[in-house]
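Each remark here refers to the structure printed beneath this line.
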Amino acid sequence: MALSDTAFGNGHLLSINDLTTDEVRSIVELGIAMKADPAAYRSVCAGKTLGMIFMKSSTRTRVSFEVGIYQLGGVGIFLSSRDIQLNRGEPVSDTAQVLSRYVDGIMARTFAHSDVEDLADHGSVPIINGLTDLLHPCQALADLMTISEVFGDPRGRTLAYVGDGNNMAHSLMFAASKAGMNFTCISPPGYAMEPEMVHLGVEDAQLAGTSMIQSESIEDVAGAHVVYTDVWASMGQEGEQSIRLQDFADFTVDAMVMEAAADDAIFMHCLPAHRGEEVSADVCDGPRSVIFDQAENRLHAQKAIMGKLMGNL
Ligand code: CP
Ligand code: NVA
């Protein structure tokens, strides 16, 4: 089966940057509808199979996709890279072609972003990026759903991300401008977002008429409606944990940081969280925190993504 260039996201979800603003809005709206009435969607992927390749650990992504495809009438197959021939040197391109003969879609969590691009280039089924070192689009789409639940139309709101200029920062930057939100990324010196991603993010923001600000001052959370953070050392960076603890020491989201944000500001984190590092326990578990709504919405947003890519919704 050849994927159509006119299909949702050109047939894949590798980056939010590849989606139109309408496509982003449609995922959020469909996720909200699926959450409200899950029974109405239980045949959307009837008889379909999702292959789920994991080269890194996962709780939320694995479980939300596996439960999600089941709730849509299909089945998920968990493929740990430890157990499949990828681990013994079988090329990603061969894996893509072989799996495409069996399954109707592939969700992959990899280190190199080029691996999910290779899956898309060589496979013939939709590829969903379940996190790479560069991007985490599924999380950011679910987060837009959570922001919309709290604020209604998010246009004109500001999302301040505090921390490493990592996969989460990049995908939140793209998600924000597609949703008409302003985005501020506050990172310690040396930990800003990738210049190539920033270039695309600035272009997106200009098109959307939103702001995209990079800062090294945590005071720039002032007035933000969403304060978001992520771990200081991502998967694969465990060896840098101790130096990062020092470099990020002044970038903890605590009660004072939240006080500087808007009166109705919420705290967000993709999880897993390290209380006492990137966020204080009182903020992480406090009244402004929506972290578990975010985690729940992974399920609904993932179902919306599969419905669009695999279920022709
Ligand atoms: N937020 C997120 O992607 O969590 P997992 O690593 O548990 O999948
Ligand atoms: N930046 C984190 C996100 C985890 C969901 C990581 O890549 O480990």
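Which pairs do you get when a residue that is touching a residue at least 24 places away in the same chain (Cβ under 8 Å) and over 17 Å from residue 303 (Cβ atoms), found in the stretch 104-130, comes within reach of a residue that is more than 16 Å from ligand 2 (Cβ to nearest atom) and among the charged types (D, E, K, R), reach meaning Cβ atoms under 6 angstrom, with the pair 6+ apart or on two chains? Pairs that qualify, where the first residue is touching a residue at least 24 places away in the same chain (Cβ under 8 Å) and over 17 Å from residue 303 (Cβ atoms) and the partner is more than 16 Å from ligand 2 (Cβ to nearest atom) and among the charged types (D, E, K, R), are 125/104. With respect to the conditions (1) surrounded by fewer than 13 Cβ atoms within 10 Å (Cβ to Cβ); (2) away from ligand 1 (no atom under 16 Å from the Cβ), residue 236 falls short on a single one, namely (2).
All conditions in (1) assigned to a loop (DSSP other than H, G, I, E, B); (2) more than 23 Å from residue 48 (Cβ to Cβ) hold for residue 114, with the sole exception of (1).
Evaluated against (1) within 20 Å of residue 130 (Cβ to Cβ); (2) buried (at least 23 other Cβ atoms within 10 Å of the Cβ), residue 227 falls short on exactly one condition, (1). I'd like the residue in the stretch 243-279 that is within 16 Å of ligand 1 (Cβ to nearest atom) and touching a residue at least 60 places away in the same chain (Cβ under 8 Å) and, out of all such residues, is surrounded by the fewest Cβ atoms within 10 Å (Cβ to Cβ). Out of the qualifying residues, it is 272. Applying the criterion of being under 24 Å from the mean Cα position of the chain (by Cα) and outside any strand (DSSP E or B) to the residues of the stretch 101-111, the residue that is farthest from residue 15 (Cα to Cα) is 103. Note on the stretch 268-289: residues that are away from ligand 2 (no atom under 16 Å from the Cβ) and outside any helix (DSSP H, G or I) amount to 7.
If you check 217, 211 for being exposed (fewer than 13 other Cβ atoms within 10 Å of the Cβ) and either at pLDDT below 95 or within 15 Å of residue 161 (Cβ to Cβ) (or both), only one passes: 217.
In the stretch 49-99, the qualifying residues are those that are within 16 Å of ligand 2 (Cβ to nearest atom) and assigned to a helix (DSSP H, G or I), and the one that is nearest to residue 132 (Cα to Cα) is 61.
The values are calculated or read from the model by the stated rules, or taken from the named source; none is laboratory data. Computed from a predicted structure; not experimentally measured. With ideal geometry, Cβ positions are generated from the backbone for all residues, glycine too; neighbour counts draw on all protein chains shown.
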